[in-house]
Amino acid sequence: ADVQGYRTGDVLYQAIPLFALQGFLPLVASALRAGGAIFLADRFDAAELGRASRRFDFTYITLWAPMLDAIMRLPDDEQPVFPALRLLTAGGAPLQPEIRARFEELVGVPVSQGFGMTEVLGVLVADYEGDAPWGSCGRVRPLGSTDMVVLDDAGDVLPPGEVGEFAVHRSCGMVGYWQRSDLYAEQF
């Protein structure tokens with residue numbers, strides 16, 4: 001709740017599947033813990049979001065990048081309105097700069113990007129300020145709980161700015177797949 005910056009009275013629109021950690025822990029559970037309310041959509045529907053935005057003053061929305069394009073394809077009279085929106089995060093795929101710019105103009109707040117994994121309990125990097133350059137998902141979050149490095153093919157740590165495979169360590173994370181030790185051994 002603290003990392004996401006939730007406040008008492010926040011109203012979240014939630015259309016991300018709850019089986020994904022992002023859909024449940026950082027959104028639903030954390031917002032409720034902070035005293036917020038959730039509009040839980042059965043599934044994402046751009047036109048339904050437009051209608052719901054006229055009934056509820058959403059303050060926080062998380063969407064997957066392709067959902068932004070679907071919203072922008074709506075006719076003008078079906079476009080959502082967000083007079084109270086404070087934060088909109090987008091993930092699930094790289095967000096094209098032109099889509100991001102058009103959507104920021106529509107909603108009036110920076111679109112924050114991020115990257116995470118259910119296996120390490122959610123968000124690893126996020127751009128809550130909305131100022132990360134194209135191709136970046138932002139900064140390591142939450143600070144102090146995550147160690148992340150970039151490795152070369154031999155497994156050696158590379159200096160900043162180099163391309164390689166990232167490795168992450170957290171004090172919290174999964175210990176295995178439920179009743180699937182074979183799958184855990186294959187993946188890890």
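The values are calculated or read from the model by the stated rules, or taken from the named source; none is laboratory data. Remember, predicted model here, so these are calculated numbers, not experimental data. Because the Cβ atoms are built from the backbone with ideal geometry, glycine has one as well, and the counts that use them run over all protein chains shown. Note: areas computed on protein heavy atoms with side chains; ligands, DNA, RNA excluded. Shrake-Rupley method; radii C 1.70, N 1.55, O 1.52, S 1.80 Å.
Each of (i) 17.8, 55; (ii) 18.3, 62; (iii) 17.2, 59 is a candidate for Rg and Dmax of the Cα atoms in Å; the one calculated from this structure is (i). The solvent-accessible area of Val120, taken with every protein chain present and a 1.4 Å probe, is close to 20 Å². Taking amide H as placed 1.01 Å from N in the peptide plane, Gly122 has its amide H under 5 Å from the amide H of Met117, each at least 5 places away in sequence or on another chain.
What does the charge add up to near Ala93, with Lys and Arg as +1, Asp and Glu as -1, over the other residues with Cβ less than 14 Å from its Cβ? So the environment of Ala93 carries a net charge of 0.
Taking Lys and Arg as +1 and Asp and Glu as -1, the other residues whose beta-carbon sits under 14 Å from that of Gln187 total -2. Each Cα pair under 8 Å and six or more residues apart adds its sequence gap; the mean of these over the residue count of the stretch 73-172 is a relative contact order of 17 percent. Between the stretch 160-188 and the stretch 33-52, what's the alpha-carbon centroid distance in Å? For the stretch 160-188 versus the stretch 33-52, the Cα centre distance is 32 Å. Rounded to the nearest 500, the 222 nm mean residue ellipticity of the chain from helices alone is -5500 deg cm²/dmol, with -39,500 (n - 2.57) taken per DSSP H run of at least 4 residues. For the stretch 47-54, putting each phi into the Karplus relation 6.51 cos²θ - 1.76 cosθ + 1.60 with θ = phi - 60° gives couplings of 5, 5, 4, x, 5, 5, 5, 7 Hz, in residue order, rounded to whole numbers and with x for Gly and Pro.
For a test of the definition: using alpha carbon positions, the gyration tensor, and the 1.5 limit on a/c, classify the stretch 122-172 as rounded, prolate or oblate. The partial results should precede the final answer.
On the way: a/c = 2.74, a/b = 1.27, b/c = 2.17.
Verdict is oblate for the stretch 122-172.
Using the Karplus relation 6.51 cos²θ - 1.76 cosθ + 1.60 with θ = phi - 60°, the per-residue 3J(HN,Hα) values for the stretch 180-186 come to 9, 4, 5, 5, 4, 4, 5 Hz, with x marking Gly and Pro. Indicate the gyration tensor shape class of the stretch 37-114 (rounded, prolate or oblate), computed on the Cα atoms with a ≥ b ≥ c the square roots of the eigenvalues: a/c under 1.5 is rounded; otherwise a/b larger than b/c is prolate and the rest oblate. Judged from the Cα gyration tensor, the stretch 37-114 comes out rounded (a/c under 1.5). Residues in the stretch 100-111 carry Karplus couplings, in order, of 4, 4, 5, 6, 4, 5, 5, 8, x, 9, x, 8 Hz; the curve used is 6.51 cos²θ - 1.76 cosθ + 1.60 with θ = phi - 60°, and Gly or Pro positions show x.
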